1. Can you sort Met296, Met257, Met368 from fewest to most other Cβ atoms within 10 Å of each residue's own Cβ?
2. In a Gaussian network model over the chain where Cα atoms closer than 10 Å are linked, find which of Leu352, Leu200, Leu132 has the largest mean-square fluctuation.
3. If you fit an axis through the alpha-carbon atoms of helix 316-346 and take the longest principal axis of the Cα set of the chain, what angle between them do you get, 0 to 90°, nearest 10?
4. Kindly put Glu286, Glu347, Glu30 in sequence by how many other C-beta atoms sit within 10 Å of each C-beta, fewest to most.
5. Given H placed on each backbone N at 1.01 Å, which residues far from Cys103 in sequence or on other chains put an amide H within less than 5 Å of it?
6. Which shape class, rounded, prolate or oblate, goes with region 14-227 when its Cα gyration tensor gives a ≥ b ≥ c as root eigenvalues, a/c under 1.5 marks rounded, and past that a/b bigger than b/c marks prolate?
7. Please figure out what share of the DSSP beta bridges in the chain is antiparallel and state it in percent, rounded to the nearest 5.
8. Would you work out the relative contact order for the chain, in percent, from Cα pairs under 8 angstrom that are 6 or more residues apart?
Amino acid sequence: MNEAIRPGPETPPQAAGLPQLSVIVPTFNERDNVTTLLRQLETALTGVLWEVIFVDDNSPDGTWEVVRALARQDSRVRCIRRIGRRGLSGACIEGILASSAPCAAVIDADLQHDETQLPKMLALLQGGQADLVVGSRYIEGGSADSFNKQRAGASALATGVAKRVLRVKIADPMSGFFMIRRDRFEQLAPQLSTQGFKILLDIVATARGKLRIKEIPFTFGSRLHGESKLDSMVALDFLGLVLAKLTGDVVSLRFLMFAMVGSLGLFVHLAVLFVVLKIFDVRFPEAQACGAVLAMTSNFILNNFLTYRDQRLKGFAILRGLLLFYLVCSVGLFANVGVAFSVYDQEPVWWLAGAAGALMGVVWNYAMSGLFVWRKR
């Protein structure tokens with residue numbers, strides 16, 4: 001971030017045959033689209049030295065096999081197959097950092113982005129007019145008419161939140177279609193989150209106004225094959241990203257997700273405690289134990305599918321992970337109580353002591369869960 005901004009990216013000697021542009025395509029179950037996308041890129045990028053890097057999250061439909069076959073026929077095609085890691089943002093980061101061109105574009109594999117805009121985007125970067133060029137659906141000439149009402153409403157809400165809360169000044173911070181100078185991206189990469197879907201918003205918010213940004217209009221198309229990867233968890237990913245940026249990345253998106261899941265676990269605990277006490281007339285110690293076990297179980301399930309979905313446990317590993325999570329949280333409970341008592345002895349304010357204990361418990365559980373339950377292999 002302290003490095004001075006150069007007028008434009010370095011252009012490699014064309015005579016050497018080095019690519020001017022790397023096109024990064026994150027994929028998951030897109031085998032029916034990747035060949036078509038490659039042909040479209042060939043047509044759109046005539047006269048440009050380019051490469052395309054497909055970053056595949058080990059697609060069950062064998063997308064990576066199709067890409068590998070294409071790579072054997074075309075040296076411009078590369079494939080990164082990720083095992084045990086999931087998420088569009090992480091895929092984009094790995095792809096851009098693995099690229100060999102001074103400019104990198106991100107485009108979806110679902111054929112909804114307009115690849116014909118890539119030469120115009122590249123010209124803006126190479127001409128030193130911008131560090132980042134965004135394909136925008138929300139400026140004059142752009143369109144997102146293919147959205148259904150639900151998706152259009154969610155996109156408008158997220159865009160509004162990003163602009164007001166994070167003070168992002170571009171019209172379409174939720175776009176997944178953009179091109180950036182790789183040297184500028186490499187400066188920002190260590191601060192970016194590998195989770196979630198909104199890599200552009202993360203880049204713009206992290207840069208804090210230090211990127212020269214241009215927007216060009218494009219029409220968002222309709223998906224022809226496969227299914228959308230957007231689900232209800234994307235909203236929580238987005239909320240976590242916004243909160244992380246508001247704290248200046250002091251706390252990570254993953255930690256915030258973990259804390260939010262823990263808050264939901266508190267409600268589960270209290271609900272179970274009430275039902276077991278009042279309806280089944282069980283003694284308090286047994287009711288409290290039931291509440292604690294069910295809360296920990298629900299927290300584990302939600303964390304496995306949300307907080308750590310890029311490292312999601314499957315098969316027998318789920319049982320092993322659940323038992324380790326019980327152990328971690330049990331120790332965390334002692335840490336919680338110990339810190340709370342210590343604070344209360346110094347300053348007998350119940351809510352302050354309780355909050356300090358809860359924070360200690362969350363920090364402990366998060367650190368130990370990452371170390372033992374969802375550790376990277």
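Derivation of every value follows stated rules applied to the coordinates shown; laboratory data play no part. Since the structure is predicted, the reported quantities are computational estimates derived from the model, not experimental observations. Don't worry about glycine lacking a Cβ; one is built from the backbone with ideal geometry, like all the others, and counts go over all protein chains shown.
1. Met368, Met296, Met257
2. Fluctuation is largest for Leu352.
3. Tilt relative to the chain: about 60 degrees.
4. Exposure proxy ranking, most exposed first: Glu347, Glu286, Glu30.
5. Under 5 Å from the amide H of Cys103 lie the amide H atoms of Ser22, Arg182, each far enough along the sequence or on another chain.
6. The shape class here is rounded.
7. Roughly 25 percent of the beta bridges in the chain run antiparallel, per DSSP.
8. Computed over the chain, the figure is 15 percent.
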